[in-house]
Amino acid sequence: MVLGAGALATALGALTLAPVTATASSHREAPLIAGDPRADNTDVYAFTSPDKSDTVTLLANWLPFEEPNGGPNFYAFAEDARYHIKIDNTGDGVADVTYTWRFRNKIRDAADQFLYNTGPVTSLTDPDLNFRQVYDLVRTSKGRSTVLLAGATAAPSRTGNASMPDYGALRSQAVRGLPGGGKAFAGQSDDPFFADLRVFDLLYGGDLSERGQDTLAGYNVNSVALQIPKKDLALAGNTTRNPVVGVWSTTDRKGVALTDSRAAKWQQVSRLGNPLVNEVVVPLKYKDAFNTLNPSQDRTVQPVVDKVLDPILPELIQRVYGVPAPATPRNDLAEIYLTGICKACGPIKADLNSQRLNKDAVLKKIVPAEELRLNMNVPPTARPQRLGVLAGDLAGFPNGRRLTDDAIDISLQAVEGAAQTGQLVPALADGDKVDTNEVPFGASFPYLALPHTKSVNSGPGPGVRQSSLRTHQSAAIGAAGLALLGIGGLRLRRRRGTTG
């Protein structure tokens, strides 16, 4: 069955009917989700844990472009959202295992305090931590839900070195053990995505000498992380016979009204598997609706399938830089994004990460679906290559995704046909010239770098900025004071008029 553009329009219509604008990845990849950063999936990672190879680490991030000095409220997960990481081990595009986070705010003193913390914070239970979030973590499989953690405390936003002199210790306290093995973490971190996003300025304005600025450097995100025994993710619990899983994250918002009943229901408003798919593959008209789809629906939506087989980006590169676009249909991209890589799947002649390689999978139930696929039997490498599989490192993207994988450069080479030819495109070999994250990642779970504390925007200069700030502050304070005096005088006159 092919739903086509009409089905996408219907899905989008349901969203726009939301009383709480399903106000409504990657970073701000679709119009609606760009207005709802706390629901905005930015990146998903899935890889065999390098220091614990019998487990898989799953990471997902939300709330892009967190300026470190963004107080006094800083950055919290939404209380009216559900955050998920989903696993498909059968290949039917439907989650077989789902991990769900729900967050709640706890404020020690909301009546007489405006600060996030009232003194230096040295532990997650420190009374000086005025605002904190706790969460429940639930695992759902085969229709059965199990609470793994209840009321666990998330790592707080890093408000600064004076407020949190040893943030590393705080973050360590937020790593929790899970029943049956594994670990969990939730809290703020450095945004691990590294890229020069001026690529969206007509591919650096046609001048590759202008590449090399990591647009995400210095910003933070909110992250959830899991380290899960591989057998808990594999089909039938058997990683030897069934090593491949598909992974994606989603966000649900509550408050979307149905057209007839007006009953509030959960509505998926964000979705992310492979990096950059919704950003640079899905046309603008369908981006919001794509965020509402389950992977099992992808093959039925012809406008999306068409753009995988005949993508926009290679044609743009050809116009701007004269690099010939590969011939269409792009069955190699369909293999990477929709089926996983296997000899029976498409033109990339290798058995790597399609669920068709799972011996207990039912082949007739396997469908093309956009998921980040990981073959868990590929061991981690001691020296990861940033170009992953394209550099002969089978433990990297698109076989799962590690924090160090250069998603922009890999994706750029992939859309230019490198996965099919086995040869990098020389004219684009340097990619965006941002090859690593601006700070190193950790060596143990959750591997994410600590959040930044230094303001990203340093302003035009200390003297100008402070002088201007003082002028504006003085004027604003003066105006506010006059307004308060005016209101107070008015109230006083009224009171006198009433009593006199």
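Restricting to the stretch 333-367, name every residue that is open to solvent by 50 Å² or more (accessible area, probe 1.4 Å) and within 18 Å of residue 300 (Cβ to Cβ).
Across the stretch 333-367, the qualifying residues are 364, 365.
Looking at the stretch 78-87, which of the residues that are outside any strand (DSSP E or B) and open to solvent by 10 Å² or more (accessible area, probe 1.4 Å) is nearest to residue 33 (Cα to Cα)?
Residue satisfying both the conditions and the ranking: 80.
Which numbered condition in (1) open to solvent by less than 10 Å² (accessible area, probe 1.4 Å); (2) modelled with pLDDT under 90 is the only one that residue 330 fails?
Unmet condition: (2).
Among what's in the stretch 201-218 and is within 24 Å of residue 68 (Cβ to Cβ) and over 17 Å from the mean Cα position of the chain (by Cα), pick the residue that is least open to solvent (accessible area, probe 1.4 Å).
Step by step, filter the stretch 201-218, then rank; the result is 214.
If I ask for residues that are in contact with a strand residue (DSSP E or B) (Cβ under 9 Å, 6 or more places away or on another chain), open to solvent by less than 30 Å² (accessible area, probe 1.4 Å) and part of a loop (DSSP other than H, G, I, E, B), which ones from the stretch 133-162 would you list?
154, 155, 156, 157, 159
Report, by residue number, each residue of the stretch 262-271 that is of a type outside the set (Lys, Arg) and open to solvent by 10 Å² or more (accessible area, probe 1.4 Å).
If the condition is that a residue be of a type outside the set (Lys, Arg) and open to solvent by 10 Å² or more (accessible area, probe 1.4 Å), then 263, 264, 266, 267, 268 are the ones that fit.
Could you please tell me which pairs satisfy a Cβ distance under 6 Å, a separation of 6+ or placement on different chains, a first residue in the stretch 404-429 that is over 19 Å from residue 214 (Cα atoms) and of a type outside the set (S, T, N, Q), and a second residue that is open to solvent by 40 Å² or more (accessible area, probe 1.4 Å) and part of a loop (DSSP other than H, G, I, E, B)?
418/424
Quick test of your reading of the structure: residue 269 fulfils all but one of (1) more than 16 Å from the chain's Cα centre (by Cα); (2) within 16 Å of residue 252 (Cβ to Cβ); (3) β-branched (Val, Ile, Thr). Name the failing condition by number.
(1)
Of the residues 256, 245, 221, which is crowded, with 21+ Cβ neighbours inside 10 Å, more than 27 Å from residue 439 (Cβ to Cβ), among the aliphatic types (A, V, I, L, M) and at pLDDT 95 or above?
Only one candidate qualifies: 245.
Testing residue 92 on (1) farther than 29 Å from residue 354 by Cβ; (2) modelled with pLDDT of 95 or more; (3) in contact with a Ser or Thr (Cβ under 8 Å, 6 or more places away or on another chain); (4) surrounded by fewer than 20 Cβ atoms within 10 Å (Cβ to Cβ), one condition comes back false. Which one is that?
Failed condition: (1).
In the stretch 31-73, which residues are under 23 Å from residue 137 (Cα atoms), outside any strand (DSSP E or B) and not aliphatic (A, V, I, L, M)?
Matches in the stretch 31-73: 36, 37, 38, 40, 49, 52, 54.
I'm trying to understand the selection: among the residues of the stretch 163-199, which are closer than 28 Å to residue 218 by Cβ and part of a strand (DSSP E or B)?
183, 184, 185, 186, 187, 188, 189, 190
Name the residue, out of 130, 69, 73, 117, that is surrounded by fewer than 23 Cβ atoms within 10 Å (Cβ to Cβ), more than 21 Å from residue 226 (Cβ to Cβ) and at pLDDT 95 or above.
130
Out of all the residues in the stretch 163-178, which are over 21 Å from residue 130 (Cα atoms) and open to solvent by less than 80 Å² (accessible area, probe 1.4 Å)?
Matches in the stretch 163-178: 177, 178.
Of everything in the stretch 272-323, what is buried (at least 18 other Cβ atoms within 10 Å of the Cβ), among the basic types (Lys, Arg) and more than 19 Å from the chain's Cα centre (by Cα)? Give them in sequence order.
Once the filter is applied, which keeps residues that are buried (at least 18 other Cβ atoms within 10 Å of the Cβ), among the basic types (Lys, Arg) and more than 19 Å from the chain's Cα centre (by Cα), the stretch 272-323 yields 299, 307.
Take the conditions open to solvent by 30 Å² or more (accessible area, probe 1.4 Å) and either more than 20 Å from residue 226 (Cβ to Cβ) or touching a helix residue (DSSP H, G or I) at 6+ places or on another chain (Cβ under 9 Å) (or both) and apply them to residue 112. Does it pass?
Taking the combined requirement at face value, the residue satisfies it.
Kindly list the number of the only condition in (1) farther than 18 Å from residue 139 by Cα; (2) open to solvent by less than 30 Å² (accessible area, probe 1.4 Å) that fails for residue 98.
The one condition residue 98 does not meet is (1).
The values are calculated or read from the model by the stated rules, or taken from the named source; none is laboratory data. As the structure is a computational prediction, the values presented were derived from the model and not from experiment. A quick note on method: Cβ atoms are made from the backbone with ideal geometry, for glycine too, and the neighbour counts reach across all protein chains shown. Just the protein is used for accessible areas: all its heavy atoms, side chains included, with ligands, DNA and RNA removed. Shrake-Rupley method; radii C 1.70, N 1.55, O 1.52, S 1.80 Å.
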